[in-house]
Each structure stands twice: as structure tokens, then as C-alpha cells.
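**Student:** I have a structure here, written as C-alpha cells, and I will follow up with some questions on it.
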Amino acid sequence: MVTSTLLRLHFYAGIVIGPFLLVAAVTGLLYTATPQLEQALYQHELKVTPDGPRDSLASQVAAAKRAVPDGTPVSVTVGAQDDDSTRVVFEQPGLREGYTRTAFVDPYSHEVLGTLETYDQWLPVRAWFDDLHRNLHLGDLGRNYSEIAASWLWVEVAGGLVLWTGARRSRARLRRTLLPQTRAPAGRRRVRSWHGAVGLWAAAGLLGLSATGLTWSAYAGESVSALREAFDSTTPAVSAELPRADPPSGKDVGYDGAVRAARGAGLDGVLVVTPPAGAGTGYTVKENTRSWPVRQDSVAVDPATGEVTSTLRFADYPVAAKLTRWGIDAHMGLLFGLANQIALALLALALIALVLWGYRMWWLRRPTRARAGPGARSRPRPGRAPAAGGWRRIPGAVLAPAVLVTALLAYWLPWFGIPLALFLTADLTLGAARRRRRTRPAGE
């Protein structure tokens, strides 16, 4: 009943959604190596040789402005290590949407080491692989592929868990559930064993990737944002509005004063300084340490007095905002450094193997001459699908809530709902055609 229906959905979704999952896994696997690629390719821009006291941020920003004369400064990033360069980020005419121009400055000599087109904090190589994983460099149209993969990954994993563990009772069966049958005869049984056991061990990580991937997808991401707003769990931001009513004095403590004030307020590590957005606003300084422990505290600084006017601690974030931050950083391989990257690479390899094993099992289900009998033609044919019609035997008390929950999910996750509607329409149409053929009188 429920198992046969779930098996049929798992089968069809695996066949149709499998290519999307495979592409997401391969591009994600490539992305896991980007931190090391960045360090290797941009060593000249990222690292310097410490030599005496640091120059002021004002002189460093001035040097960066000379290197990008048509740019408008939007932030300055001060590194945590003595050998880190300073990044001055500019908006510049002619760049792609979301991209900026970053000048890398030696903090000891204010020499500009180079400029690169960047996306958020990502340098070109990571931005390129990020775009590949997110949308295959096809823009908004390409984002649909990754959303389909994220919308169905959890369905395939959860369904596979139920199918693989549902009937396991004895100790021997438990062992076969947890470990692949390496000594089983070559064929579908052995492949199924590897598919099930590896899927079981990778399930938690894959479910996490699906959930975090949905948070910044195009359509499901809007639904997630709406839910967070409804429960007042959005990520807060420090207010840069100045509390005083009197007009500014004309003084400006500059980037250096803003950093001093932030250090005095307890901020540490990598600091991102954003200049005032206009009259009545101050500098904002935010920690940008996204490895564990996460440091995302931020302050606002009055440009006239250098006083901290507002403080926001990461510890005071709503729980949902913290979980979102941790989840996204883990998805991107930032939260636990190299260990996080290795875990993501293993999950990507596991997903690639699961998809390929799924297609292998489908191939092994195909009709062969031995099964069809003597004289039958042996042209290649696809494997048989699991038996249809199991949903008709599901009790109404189970079926009705399942349909309601599925409809709600389809509303909130449109790229789950659209393929599901197509699966059901095709399955019902094919089933009706088969029933007509069986009931058609002979000779017609």
C-alpha cells in the first residue's frame, strides 16, 4: 500500500530528477576545492610581508581610489592576520549585477597589489564555481535546475530511508541495512545493497544540504523568507541611524576611528567597515568570521565623535537566524574549515554514486531474452517500473492527510509541486491506457 506507492514515486523521481541531482553533486564537488584554489591563484593579492607599523586605513583607501578612479567605495575589509592585505570594495560602472571591483592594498606600504572583479566576498574563481553550481552560468533560468535538485533531494532521501529501513527487524537484517553486502553475487541485489547502505549513512548530510539549499533558492527561498518574517525570525542588522538630533559637526573619524571604536567594543578578527550611507547615518563595522565559532557581531559608529551608537551581538540573533547562518556556512564549506570541505566532498561523491547506482538498478530490471522466453527479440528496453495502483489501497485516514500535506508543500515549494503534478498526470494517463488495453475485446 503505502510502501508500493512510495517505491513508485521514488523510482520515477529518481529517473527524472536524477540528472539534476547529478549535476548539482558534480558542481558542488568542484566548489569544495575553491578555498585552496583562491589561495593558490591570488596569493599575490591576498598576502603581504609584514614590514613595520601599518599605514592608516585612510591612506590605504586613498591609494585604492587612485587605482579605481571611477569607483565608489562601499566597504573596507581589514584582515585578521598580520600578513593579510586590506580589501577596498568599489561599485563601478559596467560591472555585472551583484559584482564589485576590489582593490587589494598592502597595509604597510599602501601599495595596491591588484584589482579583481568580485562577487560579495568571493574572488573570481570561487564566484565562477559558485555561479556554476547555482545556475550553470544561465542566470535566472539556470537557477531552476538547482531549485529542482534541492526541492527533490529531501524527498528522495526520506523516501529511500523509509523503503530501506522499514522492514528491517532481525540482527542479520540490521547488519545488511547498515553495511553493503560486498559478498553478494554481482547484480541488482549487490547494487541495491550499496545504494541503500550508502544512502543511509549519507542521509543526514544530504537532508541538510537540501534544506539549506532551499533557503536561498529563487521561489522556495521566498517562501522560507515569508515564514521567517511571519515568525519574526529574520536576520537582524545593526541600525546605522544616528540618535542625535543636532546637525553633524563636519568632523569625521574615518575608517580608522570606526575600527578603533569597534575594537574597543570587543569586535575581533576580520572586520568589514561600511561608510555612512548619507546624512544622519554612521559607519557600520561587522565581524566576518564565519568559521566556528561564528563571529558576526556588529556596531554602528558616529562619524563625528567616534562613539558606538548601536551594538548587535550574534548571541542575540533569533534562533532561526542563527540556524540559517550556520546552515548556509556549512553548505558553503566555511563553518569548520577543511573538515567541512572534506565532509561536503564525501557527500557529493555519495550522491553521485547513489544516482548512478539508481540508474544501474533500473537497467538491471530490464526485460532480457532469458526472462522473456525463447524466440523473444533482445533489443534493449528500459527496466520495468514498480507496480501501479498501490495508492488505491491506502486507508482514507492516511491518504487524506498525506494529500493535504503534499498540497501545502507543493504550494510552498513550487519546483516540488510542478514535477509531482507531471508525475501523477503521466502515471494516471498511462495506467488508464493500460486498463483500456486489457479490457478491450479480442479482435478489435
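**Student:** Identify, from the list Gly160, Gly166, the residue that is more than 22 Å from Ile328 (Cα to Cα), crowded, with 16+ Cβ neighbours inside 10 Å and out of contact with any Ser or Thr (no Cβ under 6 Å at 6 or more places or on another chain).
**Tutor:** Details: Gly166 fails: crowded, with 16+ Cβ neighbours inside 10 Å.
Among Gly160, Gly166, only Gly160 is more than 22 Å from Ile328 (Cα to Cα), crowded, with 16+ Cβ neighbours inside 10 Å and out of contact with any Ser or Thr (no Cβ under 6 Å at 6 or more places or on another chain).
**Student:** Output the residues belonging to region 16-38 that are farther than 21 Å from Gly213 by Cα and not acidic (Asp, Glu).
**Tutor:** Matches in region 16-38: Gln36, Leu37.
**Student:** Also, I was wondering about something else. Please return the ranges of strands (runs of 3 or more DSSP E) entirely within region 46-115 where 2 or more residues are open to solvent by less than 10 Å² (accessible area, probe 1.4 Å) and either modelled with pLDDT of 95 or more or within 18 Å of Pro276 (Cα to Cα) (or both).
**Tutor:** 86-91, 99-105
**Student:** Select, from Ala226, Ala279, Ala218, Ala245, the only residue that is open to solvent by 20 Å² or more (accessible area, probe 1.4 Å), at pLDDT below 95 and in contact with a Lys or Arg (Cβ under 8 Å, 6 or more places away or on another chain).
**Tutor:** Residue meeting the stated conditions: Ala218.
**Student:** Of these, Val355, Val301, which one is within 30 Å of Gly250 (Cα to Cα), modelled with pLDDT of 95 or more and surrounded by 13 or more Cβ atoms within 10 Å (Cβ to Cβ)?
**Tutor:** Val301
**Student:** If you take the residues in region 317-351 that are without any contact (Cβ under 8 Å) to a residue 60 or more places away in the chain and not hydrophobic (A, V, I, L, M, F, W, C), which one is most open to solvent (accessible area, probe 1.4 Å)?
**Tutor:** Lys322
The values are calculated or read from the model by the stated rules, or taken from the named source; none is laboratory data. Please read all numbers here as calculations on a predicted model, not as lab measurements. All Cβ positions, glycine included, derive from the backbone under ideal geometry; neighbour counts span all protein chains shown. Keep in mind that these areas ignore ligands, DNA and RNA; they rest on the heavy atoms of the full protein, side chains included. Shrake-Rupley method; radii C 1.70, N 1.55, O 1.52, S 1.80 Å.
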